[in-house]
Amino acid sequence: MRALQRILHQVVIWSIAALLLIPFLWMLSSSLKTADQVFTESMQWIPDEIHWGNYTRAFEEMPILLYTRNTMLITTLCILGYLVSGSLVAYSFSRLRWRGRDTWFVVLLATMMLPPQVTIVPLFVIFRKLHWIDTFMPLIVPAWLSGWPFFIFLMRQFFLTIPHELTEAARVDGAGHFTIYLRVILPLSQPALATVAIFAFLLHWNDFFGPLIFLAQESRFTLALGLMTFASRHQSEWSILMAMSILMLLPTLAVFFFCQRYFVEGIALTGSKG
């Protein structure tokens with residue numbers, strides 16, 4: 001019975017995985033076809049003639065390297081901002097004792113229920129008065145000033161799993177809070193930090209709403225915004241659009257597969273205490 005249960009378990013898992021892979025496989029197949037072969041009555045997964053030229057034309061039709069540079073710049077700076085500001089706030093909520101700490105933590109969690117569309121108007125007004133519209137500042141600065149509530153929650157929960165005896169021993173040796181945070185908490189929190197970095201990468205690499213609101217010049221577009229612009233101008237070039245989508249998806253797949261161990265470990269240990 002146990003062997004049968006394991007077999008059924010594996011069958012269910014692989015069946016769900018196959019269903020989730022179908023859109024990606026269709027996108028990959030369409031990127032290797034001509035525009036006329038994308039939509040046919042009978043689905044042909046492997047085209048008779050593979051057209052690698054769609055990827056060449058993707059670089060010709062859209063400045064992919066420029067958009068990739070913009071996206072990478074925004075994503076990298078935001079990841080650093082979340083790790084710095086979020087870990088500091090998480091340390092305060094997990095290790096420091098101050099009046100109203102638990103109440104403010106509940107307020108922080110409550111902000112996770114607000115969709116970004118609710119706060120976009122006041123943010124736009126603030127950034128316009130600062131003359132930051134059509135710059136990268138509205139997309140980067142918030143990550144350094146406030147962090148992301150979900151990331152703070154993840155790191156705070158992980159910090160709670162670190163034994164207090166370690167911080168007490170460091171305090172006996174004369175270490176202050178910043179030294180404990182820098183030399184004790186952060187080195188032991190690599191799985192949580194890696195998890196936050198992965199989530200932040202996925203959040204900003206695929207971000208479309210923020211660049212759509214704050215960016216105007218095409219020279220500052222990100223990959224998601226550039227992909228939408230190309231789709232609106234070339235509605236019939238589906239094979240090239242799929243090739244661009246594959247190119248945009250490759251870094252995401254690489255980050256997930258190479259960092260999967262840290263991702264799973266960080267998620268598994270986050271909720272074990274607190």
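Please verify whether Gly53 is more than 18 Å from Gly226 (Cβ to Cβ), at pLDDT 90 or above and of a type in the set (Gly, Ala, Ser), treating the condition exactly as stated.
Details: more than 18 Å from Gly226 (Cβ to Cβ): yes; at pLDDT 90 or above: no; of a type in the set (Gly, Ala, Ser): yes.
No; evaluated as a whole, the condition is false for this residue.
Out of Val118, Val84, Val106, which single residue is within 21 Å of the chain's Cα centre (by Cα) and within 30 Å of Ala170 (Cα to Cα)?
Values: Val118 fails: within 30 Å of Ala170 (Cα to Cα); Val106 fails: within 21 Å of the chain's Cα centre (by Cα).
Sole residue among the options that is within 21 Å of the chain's Cα centre (by Cα) and within 30 Å of Ala170 (Cα to Cα): Val84.
Only one of Ile180, Ile162, Ile185 is touching a Ser or Thr at 6+ places or on another chain (Cβ under 6 Å), aliphatic (A, V, I, L, M) and either part of a helix (DSSP H, G or I) or at negative phi (or both). Can you tell me which? Spell out how you get there, then give the answer.
Numbers: Ile162 fails: touching a Ser or Thr at 6+ places or on another chain (Cβ under 6 Å); Ile185 fails: touching a Ser or Thr at 6+ places or on another chain (Cβ under 6 Å).
Going through Ile180, Ile162, Ile185 in turn, just one is touching a Ser or Thr at 6+ places or on another chain (Cβ under 6 Å), aliphatic (A, V, I, L, M) and either part of a helix (DSSP H, G or I) or at negative phi (or both): Ile180.
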* Go through the stretch 102-159 and give me each residue that's at pLDDT below 90 and either outside any helix (DSSP H, G or I) or at positive phi (or both). => Leu114, Pro115, Ser146, Gly147, Trp148
* Within the stretch 75-98, is even one residue free of Cβ contacts under 8 Å to residues at least 24 places away in the same chain and not in a helix (DSSP H, G or I)? -> yes
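Residues in the stretch 38-54 that are farther than 22 Å from Met248 by Cβ and surrounded by 10 or more Cβ atoms within 10 Å (Cβ to Cβ): how many?
Of the stretch 38-54, the ones farther than 22 Å from Met248 by Cβ are 40-44, 46, 48-49.
Now drop any that are not surrounded by 10 or more Cβ atoms within 10 Å (Cβ to Cβ), which leaves 44.
Residues flagged as farther than 22 Å from Met248 by Cβ and surrounded by 10 or more Cβ atoms within 10 Å (Cβ to Cβ) within the stretch 38-54 amount to 1.
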* Asked: Do you know which of the residues in the stretch 164-198 that are touching a Phe, Trp or Tyr at 6+ places or on another chain (Cβ under 7 Å) and under 18 Å from Val89 (Cβ atoms) is surrounded by the most Cβ atoms within 10 Å (Cβ to Cβ)?
  -> Ala192
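Pick from Ala231, Ala192: which is part of a helix (DSSP H, G or I), farther than 30 Å from Thr40 by Cα and at pLDDT below 90? Break it down stepwise before answering.
Values: Ala231 fails: farther than 30 Å from Thr40 by Cα.
Result of the check over Ala231, Ala192: Ala192.
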* Residue check, Ile22 assigned to a loop (DSSP other than H, G, I, E, B) and within 30 Å of Ile240 (Cβ to Cβ) -> no
* Scan the stretch 101-120 and give yes if some residue there is surrounded by 14 or more Cβ atoms within 10 Å (Cβ to Cβ) and in contact with a Leu (Cβ under 7 Å, 6 or more places away or on another chain), otherwise no. => no
* To do: Six or more apart or on different chains, Cβ under 8 Å: which pairs go from a residue in the stretch 233-262 that's farther than 23 Å from Thr75 by Cα and among the small types (Gly, Ala, Ser) to one that's surrounded by 14 or more Cβ atoms within 10 Å (Cβ to Cβ) and at pLDDT 80 or above? Could you list them?
  => Ser239/Ser30; Ser239/Ser31; Ser239/Leu32; Ser239/Lys33; Ser239/Asn54
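Yes/no matrix, rows are residues, columns are (1) out of contact with any Phe, Trp or Tyr (no Cβ under 8 Å at 6 or more places or on another chain); (2) β-branched (Val, Ile, Thr); (3) at pLDDT 85 or above:
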{"position": "Leu4", "(1), (2), (3)": "yes, no, no"}
{"position": "Ser31", "(1), (2), (3)": "no, no, no"}
{"position": "Tyr67", "(1), (2), (3)": "no, no, yes"}
{"position": "Met72", "(1), (2), (3)": "yes, no, yes"}
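What residue, of Ala200, Ala216, is in contact (Cβ under 8 Å) with a residue 24 or more places away in the chain and in a helix (DSSP H, G or I)?
Details: Ala216 fails: in a helix (DSSP H, G or I).
One residue alone meets the criteria, Ala200.
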* Asked: Out of all the residues in the stretch 4-35, which are surrounded by 10 or more Cβ atoms within 10 Å (Cβ to Cβ), under 26 Å from Tyr55 (Cβ atoms) and not aliphatic (A, V, I, L, M)?
  -> Phe24, Trp26, Ser29, Ser30, Ser31, Lys33, Thr34
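The values are calculated or read from the model by the stated rules, or taken from the named source; none is laboratory data. Keep in mind it's a predicted model, so treat the numbers as computed, not measured. Cβ atoms come from the backbone with ideal geometry, glycine included; neighbour counts cover every protein chain shown.
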